[in-house]
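Structure first, then comments.
The values are calculated or read from the model by the stated rules, or taken from the named source; none is laboratory data. Everything numeric here is computed off the predicted structure, so don't read it as measured data. Here Cβ is always computed from backbone atoms with ideal geometry, including for glycine, and neighbour counts include all displayed protein chains. Protein only, heavy atoms only, side chains kept; ligands, DNA and RNA dropped before computing areas. Shrake-Rupley method; radii C 1.70, N 1.55, O 1.52, S 1.80 Å.
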Amino acid sequence: MPALVSHPDEVKVISRRFGMGAADIEKYIELDGYKAVQQAIANGPAWIIDTMKASGLRGRGGAGFPTGMKWSFVPKVSEKPKYVLVNGDESEPGTCKDHVIFLHDPHAVIEGTMIAGLAIGSKLGFIYLRGEYRYLLKIVEKAVADAYAKGFLGKNIFGTGVDFDIITQTGAGAYEVGEESALMESLEGKRGVPRIKPPFPAVVGLYGGPTVINNAETIANAPHILLMGGEAYAKLGTERNGGTRLFGISGHVERPGVYELPMGYSLRKAIYEVAGGIKDGKKLKAVVPGGASCPVLTADEIDVGLDFDQMGKAGTMLGSGGIVVLDETVSIVEFALRTIAFYQHESCGWCIPCREGTDWIKKTLTRVYNGGGSRKDVDNVQYLAENMMGRTFCPLGDAAAMPTLGFVKKFRKEFEEYIDGNRAGTPLITVEQLVGAGH
Amino acid sequence: MSTVANSIFSPELAARFDHLVTIYPLRRSALVPMLLYAQDELGYVSDAAVAEIAERIEILELDVRNVLSYYSMLRTKPAGKYNVQVCTNISCMLRGGYEILDHCKKTLGVGHKETAPDGVFSLEEVECIGACCWAPAMQINYDFHDDLTPEKVDVLFQMYRDGQGKDVK
Amino acid sequence: MADVNFIVDGKQLTAPAGTLLIEACKSAGIEIPAFCYYPGLSLQAACRMCVVRIEKMPKLQTACTTPVAEGMVVQTETPEIAQARKATLQLLLGNHPLDCPVCDAGGECELQDMTFKYGAADSFYAEPKNHREEQKWSPVVYFDRPRCILCYRCVRMCGEGMDVFALGIQNRGSSSVIAPNVPAQMSPDDLPHVDCEQCGMCIDACPVGALTSGTYRYKTRPWEMNHVATVCTHCGDGCKTTLGVRSTSDGSEIVRGDNRDKSGINGDFLCNKGRYAFDFANHEGRITQPLVRQTNGEFKSVSWEVALDLVGKKFRELRDTRGGKSIGVIGGNRLTNEEAYLLQKFARTVLGTNNIDHHRTADYVSFAQALAGQTNRTASLRDTLTAPSVLIVGGDPTIQAPGTAWNLRTNVRLNRAKLYIANSEPIKLRRQAKAFVQLSPFGYSALTSYLAGDDASASSAASDATGLSAFRDVVKSEENLLILIGSELRGADLRKLIAFGLTLPGAKFALLSDYANSRGAADMGLLPDMLPGYNPVGSSSPLATEYTANTTSGSLAPGLDMLEIFDAAGKGDLSALYVVNSNPVARYGVDAAALKNTFVVVQEMFLTETAALADVILPAANLYEKAGSVTNSYGDLQQVKKAGDRAGVRTDFEMIVRIADKMGTNMRALVPFGKGLRADMGQTRGAQSGEADRHSIWLTAQNLEPRLSPFDPLAILDEIQRLVPGYNILRLQLLSGNDQHLSPAAPAELVQITTRRDLVLPANDSLFTSGTLGRYSTMLSDLQHNESLRPSSLLTQIQTAAD
Ligand SMILES: Cc1cc2nc3c(=O)[nH]c(=O)nc-3n(C[C@H](O)[C@H](O)[C@H](O)COP(=O)(O)O)c2cc1C
Ligand code: SF4
Ligand code: FES
């Protein structure tokens, strides 16, 4: 079982109950569980949405869309049933925060789902976990069953006359299914290929009904926000970036782990203080700050606050909060190749630029890595990535192109030297391994 | 009692499927979980499983195959009793994922997506499994094992060989 | 919807709100490239070729999914856009085999055209391309995977368009592949196959050469063919088809059938027969010389002169000695209207007999009588695409009239048309139906009574009484209902159903029959009791008057029908039988001995069961080898053009004329040729033949061309137009290849409802048979064999998420 870590700079909101046995419903109730949802029933949808808006909470799935606003987009009246969909597909490399939530505080996700349902007038919520999280599904399933047993779910919840049901399920291995509309397709029993937008899920979503879809962390924040008040939550973070967030710090640090830090917290401090600095006293080379799809930051670009706006200004993204730290020994050529190999494997294949683009970048970098590259290949990779950007059907294409562009632009010299024979770093992968990665 | 005559699944699983198709607004929603559960029981998704699932969901077999082939956890050929899935994605790679993979290849004597002759273990290199902060990590069937070293892997394999590991079900 | 104004490439445009930008642009002559977009099928936005720049939008947008909006400002060809398209093409070409020189699609490939336009020929890839062997999915469908660009057109065509769902998308990412529904491991030969209707629509839709046709592949290059737009010879829908023709040593051979010209009544559609089953023309059993039976019973080939002379003399002699009434004439369902008309005129005015019939596949006489005096009550095939609601009683369009079925499915899909079906079988179209009642076997008669208000018939019509009653209620509440009637309904039942329909405001009718010109055969009077246009024999219509005036032995009484003709033969009362393009011996199980004392002349392509009993066989051209017009089940008239050619054979038209001539007939009375004005046909302008052609079309259209030959079918068309009620054709429309809806109904004042014998004998063709003709199509036999390899599939109802 993954180890819990902690650091004095942490501000514990969502992680408040971690390690306290809150997967047990009695314990959860003891720790203020299911209070927020009862308040929500008492105060009604407008109050919920106002509180969420005031909290400044922005989606923790990656794009950082303001949650209160998203909920307010759902039409009040709809012919078709409305749904709440919790995105627990967590598959962005470098990200394992929802993992910890499901493990330590599944009821918070359930309660958050109910709150979202009340806010938009839905009676059915889905909690969708990635297929690999089967052991977490069992934890969530038990939590849901316990909530039903207590009368917190089902008909007439808490005796208030309100009905709400939750269905849990998993995927079966597909990164793209984390994209919201692809997730809906998967949940409808189809291939995980995204849908054409517009219409957006808030209007036409799951089964054609208006749907709110949120990341599991976003949803699990809702009960805390209702209990502490929107403004109080907002104050924990920075302007337009309310509250705290779970950051998973991995790679070459002394104390990797999932930490809850206030929005806007310094990236440098997160690496050097919270996570204990670079492993084995080595030097920092680069940071992929928000999951594999975010453009890389070099060692001297890390004096930036961890919120959506500051990261955007720094030319990268806050993404999913997965901070991957690379020390001086890492070969960027190899790292770039491993990154694109992932997107190549996970592209759904629907649109040409992504399907073919990821494939050709992977093939070219494989050859470069193999020692058969020419300087022209670096141009070609950049050309391919530039021509994918903004042209694909869904953002996966961008997610593959952005880091690639980051690597070849910021580390162009390293690529060229590698090609010319001066191979920086000690390659970790043999060519045979990488070519085999076409699994 | 299963709603499908001569179900190829165990009575428990058949009963579970009977229920599963009724809980969603649309029957078809049960497809992805059903495929996984079928695989858990049979070791892979067989042609017979495809046929029965198509019948249960009331869709074409082709449709089932379209979906089945999309998801990387689903397979149409048997794997070992214990399917070892080693992550080599970025966070794991930085902390020795490939070493672990190589170690597994050597100890088990098999490569990517191969099964050892005795059928106990099969090996697979997988993409990020959501254990980045505890890298390097792997899953054996559905169980996570993290912060791995080659020595830890040896101990684990021995445990599984001794029957102390968990089965898929 | 209200119109909106927007600007594309600086041009101010207007289109109804909601129109897709790509379509709005197309209407304005601005072509936006697209691979995945296909009009009428679901949107994919997958190929990203149609990207355009829309003001105020941060990224390029796909024109195929963007509806036009008021004030929108769009650029469709900027350097940025050209670069995006070029990059997409470069990516596609990276793995494309570039085997254009041997690819069937070479020369008509959308990928080639785009590459030419955007100049994406340079490649930066050093890696080898992924090669995969070509797969034979069925005798007619081949798949070449590396050529596939994954536009998913075939998948949607098969699923949404055909409601077959034989193609899927499997794997993901760069391993994605189009997969057929019978995977290798499930088929006896360990190869993947399609279990489907074999329509080949996927091949038509494929923008490249990934799907190729079993009949055409590797045969020729597109530019080496001439393309002739004509009408399919197979079923009663009369789909427009384009035949690719190539010259051979003994004529010209049809090498391909497809639907490149989508202007026809069939829109995008063509079924397997229209697409592949033209090969009967090249069958080795084709007769190409006249054959005369010798005293030893064997056939001997003779010259045309000898054969025609013999037939002419014999017919004349038998008419003069035993009387015209001793002669029988049987015409075919695949003759042109001109031939059918000429045949009955020849029978009635030259042979002097009304003993004339054809293999009837629907009761058009009752249909015409029931609609006598009505206007605007007959439906065109085009109406099946637009009618707001459709009732189908009997028939099975999916099999019998695939073009109709296609249109109906399209209408339901795109316009949410309401389909109501009453059938004694659970026909496939029920899947699109709003209401379906399964009738008891033979329940049609009871159904018509029930619809007409006789509640007591409910129990004999269907076992589900409540369903039936709800069905009647909802049908009765429909306005502008299109009523499609199967051949099960005849005589009184048919009239009752039409009478019921006439009580519904705006209802229109069509009666489905089986062959390319079944309707024309009836309209043209290949019937013992009806002159052309359903004028009863012996009535005082202008037509009858003209015929009697011309008739040597003026026969005013109805003649013998099909069965009576053979009865007469059996009794030794039939002196001669003239069979033109028909195989009654097989169809009606005629005992060979019955014809032993009859002089039998058969015009045929093959040694059919009927031809085998002939005294003289005259080798005939088929519908793809002649010109004229045909009328489909609905009464839509279309032009047939000559595509193939075979040395040694003649058209039925020419043979009738020549026989009449040999009989010493006044040719100008039979075919009114030579009456037109004289005009210069362009001969004096020497080589400027293009102009001569245009000149001739104009002349023809204006009825001015000199009909110098009695073999010109247009000469008889003049008479058809003049005498047959309902055939008031617009010639320019006809000659420019457009269909025209005709509604011949019996002249109201002449309708005499007498009890006629029900001689309707449905063809009972499957998707892979086509009467006698179909037996000579190798491709159809292959498809039947292919079909026999698998148990027939039970297609399950597909759920749609949004509904
Ligand atoms: C390719 C792709 C993968 C994604 N994967 C995930 C994921 O695993 N988990 C997640 O919560 N959101 C993921 N997203 C983001 C979702 O589409 C969506 O924006 C999010 O679930 C919305 O929730 P939020 O507003 O709470 O962030 C992904 C997006 C893309 C384009
Ligand atoms: S960008 Fe295109 S191919 Fe890639 S995942 Fe999205 S839709 Fe699929
Ligand atoms: S036609 Fe628009 S994306 Fe293919």
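What the table shows:
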quantity	calculated
Counting DSSP beta bridges with both ends in chain A, the antiparallel % (nearest 5)	45 percent
C:Asn415-C:Lys596 pseudo-label distance in nm [points 7 Å out on the Cα-to-Cβ vector]	5.9 nm
Cβ-Cβ FRET estimate between C:Ala69 and A:Lys80, R0 fixed at 25 Å, reported to 0.05	0.50
Quotient of C-alpha Rg and 2.2 N^0.38 Å, computed over segment A:299-422	1.06
Over 18 Å between alpha carbons, listed pairs C:Lys273/C:Lys418; A:Lys285/A:Lys313; A:Lys313/C:Lys59; B:Lys106/B:Lys152	C:Lys273/C:Lys418; A:Lys285/A:Lys313; A:Lys313/C:Lys59
Alpha carbon convex hull of segment C:418-475, projected area averaged over orientations, nm²	3.5 nm²
Whether segment C:383-424 is rounded, prolate or oblate, judged on the alpha carbon gyration tensor where a/c under 1.5 counts as rounded	oblate
Cβ-derived FRET efficiency at R0 41 Å, C:Ile7 paired with A:Arg412, nearest 0.05	0.50
Simple Cβ-charge dipole of segment C:81-182, Lys/Arg +1 and Asp/Glu -1, about Cα centre, in debye nearest 20	300 debye
Average Cα contact separation per residue, segment A:244-327, under 8 Å, 6 or more apart, as relative contact order %	36 percent
Using alpha-carbon coordinates, inclination of helix A:106-120 to the longest axis of chain A, degrees	70 degrees
Scattering curve values for segment C:367-486, log₁₀ I(q)/I(0), Debye with Cα scatterers, q = 0.12 Å⁻¹	-0.42
Probe 1.4 Å, accessible area per residue of segment C:125-282, Å²	31 Å²
Number of partner chain Cβ atoms within 10 Å, mean per residue of B:140-152	2
For q = 0.08, 0.19, 0.20 Å⁻¹, Debye-computed log10 I/I(0) when each Cα of segment C:125-282 counts as one equal scatterer	-0.25, -1.23, -1.32
Over segment B:82-161: Rg over Rh, Cα atoms, Kirkwood Rh	0.93
Dipole axis of the protein assembly as shown (+1 Lys, Arg; -1 Asp, Glu on Cβ), positive-most option in A:Ala3, B:Phe17, C:Pro713	C:Pro713
Area buried, chain B against chain A - accessible surface, total, 1.4 angstrom probe, square angstrom	4800 Å²
Chain C: angle of helix C:713-723 to the longest principal axis, Cα-based, in degrees nearest 10	70 degrees
Counted charge near A:Ile352, where neighbours are those whose Cβ lies closer than 10 Å (Asp, Glu -1; Lys, Arg +1)	+2
Segment C:332-397: Cα Rg divided by the 2.2 N^0.38 Å rule of thumb	1.50
Accessible surface buried once A binds C (1.4 Å probe; total of both sides; Å²)	3100 Å²
Size of the C/B contact, given as accessible area buried on both chains, probe 1.4 Å, in Å²	1400 Å²
Efficiency of FRET from Cβ geometry, C:Gln294 and C:Ala492, R₀ 45 Å, rounded to 0.05	0.35
Overall dimensions of the protein assembly as shown as given by Cα atoms, namely Rg and Dmax in Å	37.7, 123
Dipole magnitude of segment B:82-161 about its Cα centre (Cβ charges: Lys, Arg +1; Asp, Glu -1), debye to nearest 20	60 debye
Test item: Cα-centred dipole of segment A:244-327, Lys/Arg +1 and Asp/Glu -1 on Cβ, debye	140 debye
Theoretical gain in end-to-end length, C:Ala586 to C:Lys129 [0.36 nm per residue, Cα-Cα removed]	158.9 nm
Potential lengthening between C:Glu80 and C:Ala470 on full extension [0.36 nm per residue; Cα-Cα distance subtracted]	134.5 nm
Residues in segment B:100-128 occluded by at least 20 Å² - accessible area, probe radius 1.4 Å, against chain by itself	B:Asp102, B:His112, B:Glu125, B:Glu127, B:Cys128
Helix A:332-346 axis, angle to chain A major axis (alpha carbon atoms, nearest 10°)	50 degrees
Restraint check, A:Lys197/C:Lys136; A:Lys53/C:Lys11; A:Lys123/C:Lys476; C:Lys262/C:Lys626; C:Lys56/C:Lys117; A:Lys282/C:Lys129, Cα-Cα greater than 32 Å	A:Lys197/C:Lys136; A:Lys53/C:Lys11; A:Lys123/C:Lys476; A:Lys282/C:Lys129
Where chymotrypsin sites (Phe, Trp or Tyr not before Pro) fall in DSSP loop in segment C:430-527, at most 11 other Cβ within 10 Å	C:Phe442
Chain A: C-alpha pair distances exceeding 41 Å, %	16 percent
Gaussian network model of chain A, Cα within-10 Å springs - most flexible of A:Asp32, A:Asp165, A:Asp24	A:Asp32
Global form of segment C:494-548, assessed from the alpha-carbon gyration tensor, a/c cut-off 1.5	oblate
Solvent-accessible area lost in complex, 30 Å² minimum, residues of segment B:82-96 relative to chain alone, 1.4 Å	B:Asn89, B:Ile90, B:Ser91, B:Met93, B:Leu94, B:Arg95
Sites matching trypsin sites (Lys or Arg not before Pro) across segment A:50-85 that sit in DSSP coil, with at most 13 neighbouring C-beta atoms within 10 Å	A:Lys76
Relative contact order (percent, whole number), chain C, Cα cutoff 8 Å, 6+ residue spacing	14 percent
Label-zone membership for segment C:110-133, site C:Asp99, 7 angstrom Cα→C-beta point, backbone N under 15 Å	C:129-133
Mean accessible surface per residue for segment B:101-169, computed with a 1.4 Å probe while every protein chain stays in place, in Å²	43 Å²
Along principal axes, Cα extents of chain C, largest first, whole Å	90, 71, 58
Size descriptor, Kirkwood hydrodynamic radius, that averages inverse alpha-carbon separations across segment C:41-191, Å	17.8 Å
Chain A: relative contact order as a whole-number percent, Cα under 8 Å and 6+ apart	16 percent
Listed residues C:Ser123, C:Met57, C:Asn181: farthest to the positive end of the dipole of segment C:47-184 (Cβ charges)	C:Met57
Accessible carbon and sulfur surface of the protein assembly as shown relative to its total accessible area, %, 1.4 Å	53 percent
